[in-house]
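The values are calculated or read from the model by the stated rules, or taken from the named source; none is laboratory data. The model shown is predicted, which means the values in this text are computed figures rather than measured ones. Note: ideal-geometry Cβ built from the backbone for every residue, glycine included; neighbour counts use all protein chains shown.
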């Protein structure tokens, strides 16, 4: 069996999700992955690229996805059989806290002498608490872990010291915690080796399709993404990637920018092997109009034929949309107004008006945009239950006015399950009208382990809405928006009926769980017997997952191109038993 030098493990959000009947609810209905958050961070690809360039072989194992795909799959047995020089585990977003720590414990039990390295935004924020767990050996901090990780792996294999490695937290020989400064914060991100062809190659190198897939439904919908920036110019109050959090947690005081040429090159590589939608994550206008125009010029040069989606943090101008139309034949747009109420939107950190939003929608329609997705949120500052319902009324107004072509798609979802650590609300909850129920890593781990439903996962409530009201508003708004989308022909009657049935059944189970909690019934009503039904309710209670998908053709992959790439790289030699590290 081929042994990689460094194995990256992506954990499920809750390790025992296949055994425990937990109503995760609609916490992931408007993202590609499910409530187990089985999508691994794209940073894994860059970390692998840099390690392989330095002479180390790597492997990604999406344990979360493999667990989702098979009740018989035994992650502990697979981990036991691995023989790497080091393990890497992501603790990027906080919902992974329970699964991430559980995987670390399992690895250390079977490989007590192999270093375990954590990384990600949440790992960075909680590094001093995280390093004190006995199974955690190192934490690589910040949003640019590539070079520090290469330096760490070299030090481990060459038995060198760690004093010159930036962004690192570790325990010395006496067990004392040592932390170096987060000084590796590059402003030029062209060094990042996000090689999508390497991910394809790894799949075949280890004959492990499910282990290397980004998320469960990826083979049906192989969406990809490119990232123009590290950091953000916007300051959404609950976001761990906001300007406030980037500065205070990640020590990033300015955007780290990838050149337009590099981004276009990544899109060209994607198009070479995959015939499916891609998305540019992050508003291309954040770095100014000249940068956006140059990027669009570079994309135009590569003749990008796949669907391409643009994310905007504020409504783009008519001129910007016209430039996109000139450069991308099939483009889509995402905007997150968060609320219909401009005061709520401003309090959250999105200072634009409904008039600006509506002008942007009109521009998109006028300039051939294939689809416009609008995302609204529940659990915001100054937002009440009735305000959420008025957001649905606003969606109806927008659909009445702009919905004739059936390419305007509104969505609504709760801010769940956690307010992000490092965000403004996290650091000053009372100032923004929030109450937090957990502050430490361990408290969040216990929330995930002990909760029976997503209401009890929530680590917050607001001055304007309790946990109960947030949950009630979520299902009521979801039901109303589902009916609106059926009325306007955005979804079929069959889809609408299925979503409604799931939502109403979920509400019934929520009430049963609440009764059990109030009665102190630790046994709960035979949850094991209904575990499969509850799992079905954990996806699609607000909208059907397919509603999120941009168009994708029948032939999703360029198989000849993939085979040619594998042969060109000496694929046959790479998988020969006993070859050792590449």
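Checking each residue of segment 399-417 against the condition of being surrounded by fewer than 17 Cβ atoms within 10 Å (Cβ to Cβ), farther than 26 Å from residue 491 by Cα, touching a helix residue (DSSP H, G or I) at 6+ places or on another chain (Cβ under 7 Å) and modelled with pLDDT of 95 or more gives no match. Being in contact with a helix residue (DSSP H, G or I) (Cβ under 9 Å, 6 or more places away or on another chain), modelled with pLDDT of 95 or more and surrounded by fewer than 24 Cβ atoms within 10 Å (Cβ to Cβ) is the requirement here; does residue 19 meet it? For residue 19, the condition - in contact with a helix residue (DSSP H, G or I) (Cβ under 9 Å, 6 or more places away or on another chain), modelled with pLDDT of 95 or more and surrounded by fewer than 24 Cβ atoms within 10 Å (Cβ to Cβ) - is not met. Filtering 315, 337, 329 for residues that are in a loop (DSSP other than H, G, I, E, B) and touching a helix residue (DSSP H, G or I) at 6+ places or on another chain (Cβ under 9 Å) leaves a single hit, 315. Taken over segment 157-189, the criterion of being touching a strand residue (DSSP E or B) at 6+ places or on another chain (Cβ under 8 Å), surrounded by 11 or more Cβ atoms within 10 Å (Cβ to Cβ) and free of Cβ contacts under 8 Å to residues at least 24 places away in the same chain is satisfied by 162, 178, 180. For residue 312, the conditions (1) more than 24 Å from the chain's Cα centre (by Cα); (2) modelled with pLDDT of 95 or more are fulfilled apart from (1). Just to be sure before I move on: is residue 554 out of contact with any strand residue (DSSP E or B) (no Cβ under 7 Å at 6 or more places or on another chain) and at pLDDT below 75 in the structure I sent? When the stated conditions are applied, residue 554 does not pass them. Of all the residues in segment 82-120, those that are assigned to a helix (DSSP H, G or I) and closer than 24 Å to residue 451 by Cα number 13.
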